[in-house]
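The values are calculated or read from the model by the stated rules, or taken from the named source; none is laboratory data. Predicted model, so just to flag it, every value in this text is computed and none were measured. Virtual Cβ from ideal backbone geometry, glycine too; neighbours counted across all protein chains shown. The protein model used for the area step is the full one, side chains on, heavy atoms only, and it has no ligands, DNA or RNA in it. Shrake-Rupley method; radii C 1.70, N 1.55, O 1.52, S 1.80 Å.
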Amino acid sequence: DSRDPPPSAKVEAHGRIHDVFYAGANHTTTVRQQGLEELKALRTAGLRVFIPEGRLSKPDFLRACAQSWLVWSPEGQGWDCHRHYEALMLYSVPLINMPTIERLSPFVSGEHCLYYRPEKGGLTEAIESALRDRDALLRIAEQGRAYILEHHTRSQLVRYILSSVGLLEQAAPHIVDI
């Protein structure tokens, strides 16, 4: 399937070198500021937490996602972001603070991602709990990736929009999978 990442992107369990990966600006929300403190404390306690010092190239960012069990994906300028999808497409599990918006075809925690409560200690609790069952993380990553391909491709979003305005039936013969 042309939507599959290159074979090297699907990293088996033994190839994971990071427990948690995060790259991003930290000044945008208190969720990010507090979460970064928790990640650093977990790293000090011995977890393999990768927080690069500078900006990563896109290939290095995607490689780090693929090499991680969890990818921390906190809210920033908005709640929903590409990082949720990038992590799942690379067979890693996005760890997302509880959403505060209504979403189209939302992810289900424990099936497509993991949500955590943003209060102090919530991120640490979620990470420690998740890493106790790595087989479940592999299952969540695979299910989440399949869910994206079923509900969150450009073609599916186009179908949703056209259906919402009553034009899907008329446009359907002209829609191509993107």
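The set of residues in segment 117-138 that are touching a helix residue (DSSP H, G or I) at 6+ places or on another chain (Cβ under 7 Å), in a helix (DSSP H, G or I) and open to solvent by less than 60 Å² (accessible area, probe 1.4 Å) comprises 123, 124, 127, 130, 137, 138.
Just the residues that are of a type outside the set (A, V, I, L, M, F, W, C) and open to solvent by 70 Å² or more (accessible area, probe 1.4 Å), please, taken from segment 144-162.
If the condition is that a residue be of a type outside the set (A, V, I, L, M, F, W, C) and open to solvent by 70 Å² or more (accessible area, probe 1.4 Å), then 150, 154, 159, 160 are the ones that fit.
May I ask you to verify whether residue 175 is open to solvent by less than 40 Å² (accessible area, probe 1.4 Å), on the phi < 0 side of the Ramachandran plot and modelled with pLDDT under 85? Answer is yes for this residue.
Residue-by-condition table, conditions (1) closer than 23 Å to residue 50 by Cβ; (2) acidic (Asp, Glu); (3) in contact with a strand residue (DSSP E or B) (Cβ under 8 Å, 6 or more places away or on another chain):
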| site | (1), (2), (3) |
| --- | --- |
| 87 | yes, no, yes |
| 92 | yes, no, yes |
| 122 | yes, no, yes |
| 131 | yes, no, yes |
| 136 | yes, no, no |
| 143 | no, no, no |
| 172 | no, no, no |
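Scanning segment 94-116 for residues that are open to solvent by 40 Å² or more (accessible area, probe 1.4 Å), assigned to a loop (DSSP other than H, G, I, E, B) and either free of Cβ contacts under 8 Å to residues at least 12 places away in the same chain or among the hydrophobic types (A, V, I, L, M, F, W, C) (or both) turns up 98, 101, 102, 104, 106, 108.
Taking into account only those residues within segment 49-93 that are charged (D, E, K, R), modelled with pLDDT of 90 or more and part of a loop (DSSP other than H, G, I, E, B), which is most open to solvent (accessible area, probe 1.4 Å)?
55
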